[in-house]
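K.L.:
Below are the structure tokens for one structure; questions will follow.
The values are calculated or read from the model by the stated rules, or taken from the named source; none is laboratory data. In this text, all values refer to a predicted model and were calculated from it rather than measured experimentally. Neighbour counts are summed over all protein chains in view; Cβ atoms, including those assigned to glycine, are modelled from backbone coordinates with ideal geometry. For the accessible areas, the whole protein counts, side chains as well, though only heavy atoms, and no ligand, DNA or RNA atoms are used. Shrake-Rupley method; radii C 1.70, N 1.55, O 1.52, S 1.80 Å.
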Amino acid sequence: MGSKITETWLTKTFLTSIFLGLGGFLYGFDSGIITPSLALNSFLEYFGNPDAPIRGAIVSVYQAGAWLGSASVGITSDRIGRRKAIAFGCVFGVLGGALMTGAAHVAMLIIGRILVGYAVGTITGVAPVFGAEIAKVLCAWGFFVALWTGVGEGKWHNPNQWRLGFAVQSIPALALGVGVLFIKESPRWLCLKSRHAEAEKAFRSYHHNGSNDEWCREEFRHLQANIAIELQARGCLSWAELLKAPAFRKRLFVGSFVWAAAMLSGISFIQYFQPAIYATLQYNQDQQLLISGLYGSVAPVTCLVSLLFVDRIGRKKILVFSASLLSLCYLIITIIAAVFPARPGFPTNEAAQRGLIACVFVVSANYSALLGPMTWIIPPEVFTTELRGKANAVIQILQYSISLVITQCSPIALAAIFFVLTNALCAIVFALVYPETRGKSLEDMSEIFGDIKRRTEPELDEVHSSPSGKKDSEISEYAIEKTESKYHRDRRSDIFRV
């Protein structure tokens, strides 16, 4: 029994995915470490008690850097390869962490945040798609470690306590940057560069176990076939054609709007500015850090719990329920803040405080278990081969642009009202516009979006016997669709599906 488990899980493919999941951990840690820093009096005093716009800039420039990194990753990964692109991004992560650790003024801190953001945007842009589930879990754990690092900083009574967390963030970047150079290059990238002998050697290094030669040859042929299809499709769809075709517009909307909804959920605002929320409730520094640490413990647990049901419930039901519950939580937060304001010199309503904090925790649990996982699941289900490249570009622009604007916000009460409206709107859109995609094959998805008519086997035989060029083209489309279906069922055979 033990050897069977080892054979199933402790494969080179799986272990490599775990290692590359450090990119997700780095994303979570770098995103989270600024949160406790903003609650440390030593940090605020050192930088001259920055006002709300400056604090917003310190937080939001990270998203600007991530936007730049994700925008440039297509060029770097295509030219120098997947491994070197990850290592290239890690260099900026180490430099950014060093600048933040040794920051003497706000400008150094902001530059360091931009570099760290650029690193994260680059690394996550090259992350393997089939390891997205691992990266998502490690991202939650990275955020968890960051917030509890903040709790430790608060217990270390030293004027430089805030530098500790910034120094720690360079460690996973350094480990990933060095370690990635010791693994094989992406078989997919090597095939794209027509280096097929090297690609097959790299593929076998990940999957060959000494007795599966035929399986490796067959799977590598499927990989080559899929890449040939993708190369053919890349030039077949212009931006104008994408916007003209109703089916493609709908696919693009369904796949990208879920990411927009995730950013408009307010989760990044809550994550970054929760100490400020607790400060308005007149909690002291240690209390703010402790509550933040407890908040950070919610996401890893609920993220794991979501694995138990996320594929058993319809996507549409999850999206509608999640957005509705988020809107309700922000509505309660808004009402509590208005009816029971915490004012210096006046007694506070402890029950109202606990209710507001509970709503903040429910927001985290809701996002981590429901809406968050959908951002990783739905886009691959609805984006076809020719649509994938341009659609991913749209997602990256949406994700970091909206997050950049949200994290620059500072009036807490106004933000809560804003997220009541955005989440209510998203719930309506999910209920009225979104199709159900759980358990659908690529052929079923084509029928849902109306771009390809499904054919029966007798119809295919009739088409095949016809000399018409148009019919041959239709056969080609169906063959591509069937090849894609086989590839997506076995997509884990290619570790780097980027």
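K.L.:
Please enumerate the residues belonging to the range 418-439 that are modelled with pLDDT of 85 or more and touching a helix residue (DSSP H, G or I) at 6+ places or on another chain (Cβ under 6 Å).
P.N.:
If the condition is that a residue be modelled with pLDDT of 85 or more and touching a helix residue (DSSP H, G or I) at 6+ places or on another chain (Cβ under 6 Å), then 419, 420, 422, 423, 424, 426, 427, 430, 431, 434, 435, 436 are the ones that fit.
K.L.:
Output the number of residues of the range 157-202 satisfying the condition of being under 18 Å from residue 38 (Cβ atoms) and of a type in the set (A, V, I, L, M, F, W, C).
P.N.:
5
K.L.:
Checking the conditions here, which among 352, 393, 413, 337 is under 21 Å from residue 274 (Cβ atoms), modelled with pLDDT under 80 and in contact with a helix residue (DSSP H, G or I) (Cβ under 9 Å, 6 or more places away or on another chain)?
P.N.:
Result of the check over 352, 393, 413, 337: 413.
K.L.:
Taking the range 177-195, which residues are open to solvent by 80 Å² or more (accessible area, probe 1.4 Å), farther than 20 Å from residue 22 by Cβ and modelled with pLDDT under 85?
P.N.:
Scanning the range 177-195 gives a single hit, 194.
K.L.:
Also: Inside the range 162-176, can you point out the residues that are open to solvent by 10 Å² or more (accessible area, probe 1.4 Å) and not basic (Lys, Arg)?
P.N.:
164, 167, 168, 170, 171, 172, 174, 175, listed by residue number.
K.L.:
While we're on this one: Test residue 152 against the criterion of being within 20 Å of residue 20 (Cβ to Cβ) and either open to solvent by 10 Å² or more (accessible area, probe 1.4 Å) or without any contact (Cβ under 8 Å) to a residue 60 or more places away in the chain (or both), and give yes or no.
P.N.:
no
K.L.:
Tell me the residue from 118, 27, 46, 62 that is in contact with a Lys or Arg (Cβ under 7 Å, 6 or more places away or on another chain), in contact (Cβ under 8 Å) with a residue 12 or more places away in the chain and of a type in the set (Phe, Trp, Tyr), please.
P.N.:
Selected residue: 62, the only one of 118, 27, 46, 62 that is in contact with a Lys or Arg (Cβ under 7 Å, 6 or more places away or on another chain), in contact (Cβ under 8 Å) with a residue 12 or more places away in the chain and of a type in the set (Phe, Trp, Tyr).
K.L.:
Kindly indicate whether residue 287 is free of Cβ contacts under 8 Å to residues at least 24 places away in the same chain and either farther than 30 Å from residue 161 by Cβ or outside the structural domain of residue 162 (by the TED database) (or both).
P.N.:
When the stated conditions are applied, residue 287 passes them.
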